[in-house]
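FYI, it's all coordinate maths here, none of it is from the lab. The shown structure was predicted, so the numbers you read here are calculated from the model rather than taken from an experiment. Positions of Cβ are generated from backbone atoms using ideal geometry, with glycine treated the same way; all protein chains shown enter the neighbour counts.
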Amino acid sequence: MQEISQKLFAVKKQDYNLDLTFDSGQTFRWQKVNDGWEGVIYGKWVRLEHHKDGIKACVCGKVSYWSWLEDYLQINTSLNRILREFPRDPHMNGAVKTCRGLRIVRQEPWECLATFLMSSNKQIPQIKQIINNLCERFGEQIPSPHGRPLYAFPTPQVIATASEEELRLCKMGFRAEYLKKAAEKIVHEKIDLRELSRLSSDKAREILLSFRGVGPKIADCVMLFSLGFMDAFPIDVWIEKALRTFYFDSKPVKQKDLEKFTRSYFGKFAGYAQQYLYHYIRILNNRASICKNEENI
DNA sequence: ACCCAGGCAGCTT
DNA sequence: AAGCTGCATGGG
């Protein structure tokens, strides 16, 4: 039986909501289990659950310092200070009202890059499945609190030595080439993605775009979700739809104008605002489709 | 059977 | 710069 270490983070649910955070499409490995969330960070199994006094974290193994988890969760970031910077308009107000407590966590950059390489032209449940296959097949087995085997996210070294055919067994299709080449680039050029966080945002984006399979959208996701560039604003099909309906009267807009608007309008935490809008429009869309289903019954 | 999915690369206009 | 198309795979 594995030893479990525990830690309580004193934070109110309205300032840190685990459901909103892990359901918002920024991470792909967290799973809801018995009213808590379980995932793997830095090769360790972690369980998080809301408690009356805050968020309780359980970690597999003996843990004497918690800075890695505090950094991942960004637990010392004040949500109020971020929300204050959002523009005030009916749509953003609605998003904040609906999604208050949604947080952006700070993922490990390699995992973030690799998983978003899997995301192109895929739905979120399928991305999760691919990542799951990848970890089972190539990840190192790590201590688990329950009987089931548990795997760390595979290192670039392991992925680089795998063949494209082996990677395709994880059902990632044409993305296998992207993943293998990214891993090889990191290994051969001795790239430490974490260092990109110390560069200017233009330079960091330029380096990310030099990976095959990384375009503007995925580059912005990696910057926002793993490198601390809180103004990076990924524009995917959902956000584009949200921006057009909310701010452009549902009229067609040129890509360039869309980008210009997001840069000038959403402020220094634009990426955070983007995540609120993204989750908000998806919730609205879910409700609408549920209504439609009920009409058909 | 068809359409689309937290896109991107490689084309053509 | 826009506007097309193919891409592997799975789900509605």
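Mind checking which lysines have their C-alpha under 17 Å from A:Lys203, skipping anything on the same chain fewer than 8 residues away?
Straight-line reach from A:Lys203, under 17 Å: A:Lys217.
Within a 10 angstrom radius of the beta carbon, how do A:Leu199, A:Leu258, A:Leu18, A:Leu277 rank from fewest other beta carbons to most? Before the final figure, lay out the partial values.
Numbers: A:Leu199 14, A:Leu258 18, A:Leu18 21, A:Leu277 24.
By the 10 Å Cβ count, ascending: A:Leu199, A:Leu258, A:Leu18, A:Leu277.
Among A:Glu136, A:Glu189, A:Glu240, determine the one that fluctuates most according to a GNM of chain A built with springs between C-alpha atoms less than 10 Å apart.
Ranking A:Glu136, A:Glu189, A:Glu240 by mean-square fluctuation puts A:Glu189 first.
Taking the simple approach of a point 7 Å from Cα along Cα-to-Cβ for both A:Leu284 and A:Ile207, what is their distance in nm?
Those two pseudo-labels are separated by 3.7 nm.
What residues qualify as long-range amide H neighbours of A:His51, i.e. H under 5 Å apart, gap of 5 or more or another chain, H built at 1.01 Å from N?
A:Lys56
Post the alpha-carbon centroid distance, region A:120-144 to region A:251-269, in whole angstrom.
33
Taking H as built 1.01 Å from N, whose amide H comes closer than 5 Å to the amide H of A:Lys122, not counting residues under 5 places away?
Amide H neighbours of A:Lys122, under 5 Å, 5+ apart: none.
Whole Å is fine, so just give me how far the alpha carbon centre of region A:166-224 lies from that of region A:27-79.
If you average the Cα positions of each part, the centres end up 26 Å apart.
If the chain between A:Ser78 and A:Arg198 were fully stretched, how many nm would it gain, using 0.36 nm times the residue separation less the Cα-Cα distance? Kindly include the intermediate steps, with their values, before the conclusion.
On the way: separation 120, 0.36 × 120 = 43.20 nm, distance 2.16 nm.
The span from A:Ser78 to A:Arg198 would gain 41.0 nm if fully extended.
Please list, in order along region A:84-96, the HN-Hα scalar couplings obtained from phi with the Karplus expression 6.51 cos²θ - 1.76 cosθ + 1.60 (θ = phi - 60°), rounded to whole Hz, x for Gly and Pro.
With the stated coefficients, region A:84-96 comes to 4, 7, 5, x, 9, 8, x, 6, 5, 4, x, 4, 5 Hz.
Hey, got a sec? Which trypsin sites (Lys or Arg not before Pro) in region A:168-274 land in a DSSP loop and have at most 16 other Cβ atoms within 10 Å? Kindly include the intermediate steps, with their values, before the conclusion.
Numbers: sites: A:Arg168, A:Lys171, A:Arg175, A:Lys180, A:Lys181, A:Lys185, A:Lys190, A:Arg194, A:Arg198, A:Lys203, A:Arg205, A:Arg212, A:Lys217, A:Lys241, A:Arg244, A:Lys254, A:Lys256, A:Lys260, A:Arg263, A:Lys268; in loops: A:Lys171, A:Lys190, A:Arg212, A:Lys254, A:Lys268.
Of the trypsin sites (Lys or Arg not before Pro), the ones in loops of region A:168-274 whose Cβ has at most 16 other Cβ atoms within 10 Å are A:Lys171, A:Lys190, A:Arg212, A:Lys254, A:Lys268.
Hey, what number do you get for chain A at 222 nm if only DSSP H runs of n ≥ 4 count, each worth -39500 (n - 2.57), divided across all residues, to the nearest 500? Don't skip to the answer; put the middle values down first.
Working: 14 runs with 145 residues, N = 297.
Taken over chain A, the calculation gives -14500 deg cm²/dmol.
Amide H of A:Phe153: which non-local residues (sequence gap of 5 or more, or other chain) have their own amide H closer than 5 Å, using H built in the peptide plane?
A:Gly43
I'd like the Karplus ³J(HN,Hα) series for region A:151-162: coefficients 6.51, -1.76, 1.60, θ = phi - 60°, whole numbers in Hz, and an x wherever there's a Gly or Pro.
So the Karplus estimates, Gly and Pro as x, are 10, 6, 6, x, 6, x, 4, 5, 5, 5, 8, 6 Hz.
For region A:21-159, what number of Lys pairs, 8 or more residues apart or on separate chains, have alpha-carbon atoms under 20 Å from each other? Each step should come with its number before you reach the end.
On the way: A:Lys32/A:Lys44; A:Lys32/A:Lys52; A:Lys32/A:Lys56; A:Lys32/A:Lys128; A:Lys44/A:Lys56; A:Lys44/A:Lys62; A:Lys44/A:Lys128.
Lysine pairs, 8 or more places apart or on different chains, close enough: 7.
What's the extension gain from A:Leu8 to A:Glu166 if we count 0.36 nm per residue and subtract their Cα-Cα distance?
Details: separation 158, 0.36 × 158 = 56.88 nm, distance 4.13 nm.
Residue separation times 0.36 nm, minus the Cα-Cα distance, leaves 52.8 nm.
Take the Cα of A:Lys56, step 7 Å along the line toward its Cβ, and report every residue of region A:4-47 whose backbone nitrogen sits under 16 Å from that point.
Answer for region A:4-47: A:4-13, A:18, A:33-38, A:46-47.
Quick one: 3J(HN,Hα) in Hz for region A:193-209, Karplus 6.51/-1.76/1.60 with θ = phi - 60°, rounded, Gly and Pro as x.
So the Karplus estimates, Gly and Pro as x, are 4, 4, 5, 4, 5, 8, 8, 5, 5, 5, 5, 4, 5, 4, 5, 5, 5 Hz.
Could you give the size of the charge dipole of chain A about its Cα centre, using +1 on the Cβ of each K and R and -1 on the Cβ of each D and E, expressed in debye and rounded to the nearest 20?
On the way: 45 positive and 35 negative charges, 109 e Å.
Dipole magnitude for chain A comes out near 520 debye.
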